[in-house]
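Please treat every number below as a calculation from the coordinates, not as lab data. In this text the structure is predicted, and so the values were computed from the model without any measurement. Don't worry about glycine lacking a Cβ; one is built from the backbone with ideal geometry, like all the others, and counts go over all protein chains shown.
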Ligand code: GUN
């Protein structure tokens, strides 16, 4: 392997330590803890694991965690009423509605109902509009965490060719906007892109967010490129167990790339750390305080 592995787990630990320091300073100045509310509808096991982990890490960083678990058959009006209550609650600085929601609920309408100043997922039309316009606002966690890893590794990204594979609202589109704001030349590739391998081969930065196990191969990668693997795919492993792999064929690509995030331990741990960062940024905004040192 020639690529340097990018240790997202260690970076996330460092970020959480900085958040904990700033959360304590916030509490001392504001006279209350910063608060994050997470709403989970239904019993998807993977979502339950994420939500539990979010709650634990929120408390570990010295912030208040509010968990709302609703049954799978919750009605749209009742979910909207909960969002309205959380919007109005001064103890709640951030609201995250865990996605996907059960099929009978209108996800877009629920997300749009979140107060943009509490939109720690950066998914409301106001937040994504601000991102597109280059205005300050809350930014989706996984793309922002990926950008932090890229800047930590590469420094100034100006002029670099970036190819984002995937055009999702949660990752691909906001990732492209963030890279554009860093003066990259950005291409968004997707399932209909012609000769994807040739497009990816141009890239100094590759962000893979397609949800297809080990799709990105070594001969797609320009030697020395920095590869960020956002994928989390479960595939059959040894002894009937499942194994987690990314969207990148790690073993092959690591022979060619300059740096690469592993799965697990790359982008994954950054998502919750950035969520806590966004909640604290929202809290400072609500309290009219400035976070010393930035996050
Ligand atoms: N489900 C998977 N990832 C996410 C995320 O980043 N935010 C929300 N709200 N739901 C998710």
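Okay, residues lined up against (1) farther than 15 Å from residue 19 by Cβ; (2) more than 22 Å from the chain's Cα centre (by Cα):
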| position | (1), (2) |
| --- | --- |
| 51 | yes, no |
| 57 | no, no |
| 61 | no, no |
| 69 | yes, no |
| 72 | yes, yes |
| 80 | yes, yes |
| 83 | yes, no |
| 95 | yes, no |
_Being in a loop (DSSP other than H, G, I, E, B) and in contact (Cβ under 8 Å) with a residue 24 or more places away in the chain is the filter here; which residues of region 74-88 pass it?_
74
_Filter result for residue 76 (farther than 18 Å from residue 278 by Cβ, away from the ligand (no atom under 15 Å from the Cβ) and surrounded by fewer than 20 Cβ atoms within 10 Å (Cβ to Cβ))_ = yes
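Can you spot a residue in region 213-225 that is farther than 30 Å from residue 22 by Cα and within 16 Å of the ligand (Cβ to nearest atom)?
no
Give region 28-73 a look and list any residue that's part of a strand (DSSP E or B) and away from the ligand (no atom under 16 Å from the Cβ), or say none.
The answer is 35, 64.
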_region 116-137 - residue that is away from the ligand (no atom under 12 Å from the Cβ) and touching a residue at least 24 places away in the same chain (Cβ under 8 Å) and, of those, surrounded by the fewest Cβ atoms within 10 Å (Cβ to Cβ)_ = 134
_Looking only at region 100-115, filter to residues that are assigned to a helix (DSSP H, G or I) and buried (at least 19 other Cβ atoms within 10 Å of the Cβ); which one of those is nearest to the ligand (Cβ to nearest atom)?_
111
*Please give the strands (runs of 3 or more DSSP E) falling wholly within region 182-246 in which 1 or more residues are surrounded by fewer than 18 Cβ atoms within 10 Å (Cβ to Cβ).*
185-189, 233-236, 242-245
*Yes or no: residue 273 assigned to a helix (DSSP H, G or I) and either more than 16 Å from the ligand (Cβ to nearest atom) or crowded, with 24+ Cβ neighbours inside 10 Å (or both)?*
yes
